[in-house]
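Have a look at the structure below, then the notes.
The values are calculated or read from the model by the stated rules, or taken from the named source; none is laboratory data. Quick caveat, the model's predicted, so the values are computed rather than measured. Here the Cβ is made from the backbone with ideal geometry for all residues, glycine too, and neighbour counts use every protein chain on show.
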Amino acid sequence: MEQTVMIIFGALTITTSAMVVCARNTIHSALWMVASFVSMACIFVLLHAPFLAILQIIVYAGAIMMFIIYAIMMLNIREEDATRGPVRKSKIFGIGLLIVLTLLLFVIGFNMSMTALKGPITLQVFEQFGNVAVFSRYLFTDYLLPFETVSVLLTAAVVGAVVLAKRD
Amino acid sequence: MIAQYELYIILSFIIFAIGAAGALTRRNVIVIFMCIEIMLNAVNLALVTFSRMNQSLDGAYMVLFIMAVAAAEAAVGLAIFILLFRKHGTLDVEKFSLMKW
């Protein structure tokens, strides 16, 4: 059952991601991107990380995509210049990379033997204390310094963005 | 039959390949940016899978920080795009040759 759901959402994520690359119109790309993020969030739920799934929807599908769509609308890009010029070198590289990565995928997929450690955070712990409680407990103890550093980074990024885009 | 976790890793690999190919083939800066986000998202999926596999939360925290860094990157990146568009009047990567050797 879980595997069926996983395959459905996996196929959905692959399709929507491919549509982001293939769509001619930039705003269509952005909208496919939102769909891709939402179906990826469903996969996170299947991996017993509902908190990350919610963050994925709020931060990625909400905040970041809002940024991108605003930028597209502000810059008023109607169509990607669909000039059918000569095939560029980077296009050949890109398709070659796709082929190489897919071949690598098969090599890995057939030789993979993943052994897992058995850490303390089992599903029973999640059931007993709740996902967010367990998550935040370690976030505010072991990972406190990275957490605070990231907040400084975000502040610096926002100030930097304002300074960059300011009309002088 | 492939085991459960391998399936997630393979999915992450496919999505990463799509993102990488898109970042190399497309011309529009914003689409390239979105392809980079797709690659980040594929890595997030792999990290969550590893975190679940090892019954530890370390991977999940990495995902959290990747999301924060992606948000910062989006803010700064889009400001740079707006500057580029103001300066050159286009978002085609082929037209930006200032730092091309």
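Odds and ends about this structure:
- Taking the numbered list (1) within 8 Å of another protein chain (Cβ to nearest Cβ); (2) farther than 15 Å from residue B:40 by Cβ in turn, residue A:56 passes all entries but (2).
- Restricting segment B:49-71 to residues that are touching a residue at least 24 places away in the same chain (Cβ under 8 Å) and within 7 Å of chain A (Cβ to nearest Cβ), the residue that is nearest to residue A:139 (Cα to Cα): B:52
- Output for segment B:9-20, where each listed residue is at the interface with chain A (Cβ under 7 Å from one of its Cβ atoms), of a type in the set (Gly, Ala, Ser) and under 17 Å from residue B:59 (Cβ atoms): none
- Restricted to helices (runs of 4 or more DSSP H) entirely inside chain B, those with at least 3 residues that are of a type in the set (Phe, Trp, Tyr) are B:4-25, B:58-88.
- From A:147, A:140, A:110, A:106, residue being surrounded by 12 or more Cβ atoms within 10 Å (Cβ to Cβ) and of a type in the set (Phe, Trp, Tyr): A:147
- Evaluated against (1) over 11 Å from the mean Cα position of the chain (by Cα); (2) more than 7 Å from chain A (Cβ to nearest Cβ); (3) of a type outside the set (S, T, N, Q), residue B:6 falls short on exactly one condition, (2).
- Residues that are more than 24 Å from residue A:154 (Cβ to Cβ) and modelled with pLDDT of 85 or more do not occur anywhere in segment B:71-79.
- Residue match in segment B:21-38 (condition: surrounded by 21 or more Cβ atoms within 10 Å (Cβ to Cβ), more than 7 Å from every other protein chain (Cβ to nearest Cβ), within 9 Å of the chain's Cα centre (by Cα) and within 24 Å of residue A:5 (Cβ to Cβ)): no
- Note on segment B:72-93: residues that are buried (at least 17 other Cβ atoms within 10 Å of the Cβ), farther than 19 Å from residue B:37 by Cβ and more than 7 Å from chain A (Cβ to nearest Cβ) amount to 1.
- Residue A:73 vs. criteria at pLDDT below 90, assigned to a helix (DSSP H, G or I) and either more than 7 Å from chain B (Cβ to nearest Cβ) or within 17 Å of residue B:12 (Cβ to Cβ) (or both): yes
- Among the criteria (1) modelled with pLDDT under 85; (2) surrounded by fewer than 10 Cβ atoms within 10 Å (Cβ to Cβ), the one residue A:126 does not fulfil is (2).
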